[in-house]
Amino acid sequence: MVKKRISKIVAVIFLLLMVFIWVVPVLYTMITSFKSEADIQTNAFTILPINWVIGNYQDVLFGNTSAPVAKWFLNSLIISVSQTVLVLVIVSLAGYGYSRMKFKGRDAIFVFLMATMMFPAVVNLIPLYKIIDTLGWVNNYLAAIVPGAAGVFNIFLIRQFMQGIPKEFDESARVDGASDFQIFFKLILPLIRPVLTVVALFTFTASWNDFLWPSIVFNDVEKMPITPGLQLLQGMYALDVAHALTGALVAIVPTFILYLFTQKYFMESLSLSSGVKG
């Protein structure tokens, strides 16, 4: 009894420490975004602003023609939503094929796909850029949307979830004359909604936060997503702390809101082996 109580206390302390590590930088960013640059430079160690200002948000969103944050925000929204929808369509169909359909070389192809996960993503940057350049997609939304549309890990995740759905469901549907597409759309798709929610959440977050690849394929300021664009909020000779932190805070708003609305489904989906009972 005493050991359990001690273990709970240790666990609580550890969790509180992790919360402190993650929350403090966000709170600091939030509070500092309401400070003037002069206040930051002269009173760097004060927690609360001497004078609360909202001019940083006005400057960042609407007052900086060389760094159009509002346009970047819209670009990121278009890219992330489009990629998320495309990913859900492709990986759900691929997962169904590798899980429920029988064709020659199915398992060998799947093993080969899994083996590609062993290579670091940076290895693909140069050949992928050459493909994008050949297609004429540089400075185009497609350059950021299409390359990440068929993530191998997402296919694996959905395939494993589908493996937990009894195949007797498929056989019963086939006896009633259902085709593969009917089985997928009417039977399988509703059952895999939890894992699709997880894939959608991860995909949107990864696309929104991606910095390296958009920095390579976008050199037009007007077409940049917000994450690589934030580097332009820095001054030429010195870092503009107030504007940089304000831009960073604006950038995390969509992912924070998304998590608030999907955390229930996300927590339910952590048990991916649950599948379908019965």
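Bear in mind that the values in this text are calculations on the coordinates, not laboratory data. The model shown is predicted, which means the values in this text are computed figures rather than measured ones. All Cβ positions, even for glycine, are placed from backbone atoms using ideal geometry, and neighbour counts span all protein chains on display.
General remarks:
- Chymotrypsin sites (Phe, Trp or Tyr not before Pro) lying in DSSP loop within segment 136-233, provided at most 15 other Cβ fall within 10 Å: PHE211
- Kirkwood-type hydrodynamic radius, the chain: 22.2 Å, calculated from all non-identical alpha-carbon pairs.
- Sparsely packed trypsin sites (Lys or Arg not before Pro) within segment 70-114, loop by DSSP, other Cβ within 10 Å at most 15: LYS102, LYS104
- Cross-linked pairs LYS71/LYS264; LYS186/LYS223; LYS8/LYS264; LYS104/LYS130: Cα-Cα separations exceed 28 Å for LYS71/LYS264; LYS186/LYS223; LYS104/LYS130.
- Rg over Rh for segment 86-189 works out to 1.07, both radii taken from alpha-carbon positions and Rh defined as the Kirkwood radius.
- Sites matching chymotrypsin sites (Phe, Trp or Tyr not before Pro) across segment 1-86 that sit in DSSP coil, with at most 10 neighbouring C-beta atoms within 10 Å: PHE45
- Helical segments meeting 20 Å axial Cα length and Kyte-Doolittle 1.6 threshold in the chain (DSSP H): 2-32
- Residue among ILE90, PHE62, ILE252 farthest towards the positive dipole end of the chain, charges placed on Cβ: ILE90
- Reach of LYS35 by Cα under 14 Å, taken over aspartates and glutamates that are not fewer than 8 positions away in the same chain: ASP59, ASP240
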